[in-house]
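Below: one structure, written as structure tokens.
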Amino acid sequence: MPQKFFWSFGGNSSAGVGINAGGELDVDAITTAEVQLVKGMTADRELALQIDDVDQLAFFVLTSSLIDGSVEVKTDTATRTRLTGPIILFGAAIKLFAGSLETITLKNLSTTTPADIRILVGSKLG
């Protein structure tokens, strides 16, 4: 059943420069995934999202409780990237990150802190 997804984003600097944006999207389905990555991982962890057609995605958001660069993420076509903030993508920009989201490869390099990963994906089925 179609539903509305409301989003907002804001950020400000101490000098007063900032950005605020928001909107809404019509989506047919919203999918979530959560995983905790243990501290000091020596091997990658693959998270199966089973999304092979990114053209049907309206948005993709990935957040990590650790944003100090110790969490790495990789998709089929992306360079392995260390997270220093969330990944927030809409529409065609998702293809810049992944040609397929069948699986996402994750790794926590922190030797002291586990990382909580959350993923939210909105799809259009038509």
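The values are calculated or read from the model by the stated rules, or taken from the named source; none is laboratory data. Given the structure is predicted, the values throughout are model-derived calculations rather than measurements. Glycine gets a Cβ as well: all are built from the backbone with ideal geometry, and neighbour counts include every protein chain shown. Surface accessibility is based on the protein's heavy atoms, side chains included, excluding ligands, DNA and RNA. Shrake-Rupley method; radii C 1.70, N 1.55, O 1.52, S 1.80 Å.
Worth a mention:
- Some residue of region 95-102 being surrounded by fewer than 14 Cβ atoms within 10 Å (Cβ to Cβ) and part of a loop (DSSP other than H, G, I, E, B): no
- Check on V54, aliphatic (A, V, I, L, M) and within 15 Å of D116 (Cβ to Cβ): no
- Conditions (1) free of Cβ contacts under 8 Å to residues at least 40 places away in the same chain; (2) open to solvent by 30 Å² or more (accessible area, probe 1.4 Å); number of the one not met by A78: (2)
- If you check T105, T84, T63 for being touching an Asp or Glu at 6+ places or on another chain (Cβ under 9 Å), in contact (Cβ under 8 Å) with a residue 24 or more places away in the chain and closer than 19 Å to G10 by Cβ, only one passes: T63.
- Every listed requirement among (1) part of a strand (DSSP E or B); (2) at pLDDT below 95; (3) touching a helix residue (DSSP H, G or I) at 6+ places or on another chain (Cβ under 8 Å) is met by D55 save one, (1).
- Of all residues in region 20-54, those satisfying the criterion of being open to solvent by 40 Å² or more (accessible area, probe 1.4 Å), aliphatic (A, V, I, L, M) and in contact (Cβ under 8 Å) with a residue 40 or more places away in the chain are L25, I30, V38, A43, A48.
- Among the residues of this structure, L47 counts as one that is touching a strand residue (DSSP E or B) at 6+ places or on another chain (Cβ under 7 Å) and at pLDDT below 95.
- Taking the criterion of being farther than 19 Å from A21 by Cβ and either touching a Ser or Thr at 6+ places or on another chain (Cβ under 8 Å) or loosely packed, with under 14 Cβ neighbours inside 10 Å (or both), the residues of region 115-126 that qualify are A115, D116, I117, R118, I119, V121, S123, L125, G126.
- Residue count, region 58-75 (criterion: in a loop (DSSP other than H, G, I, E, B) and either within 18 Å of F5 (Cα to Cα) or among the small types (G, A, S) (or both)): 3
- Residues being within 25 Å of L25 (Cα to Cα) and in a strand (DSSP E or B) - total across region 104-126: 8
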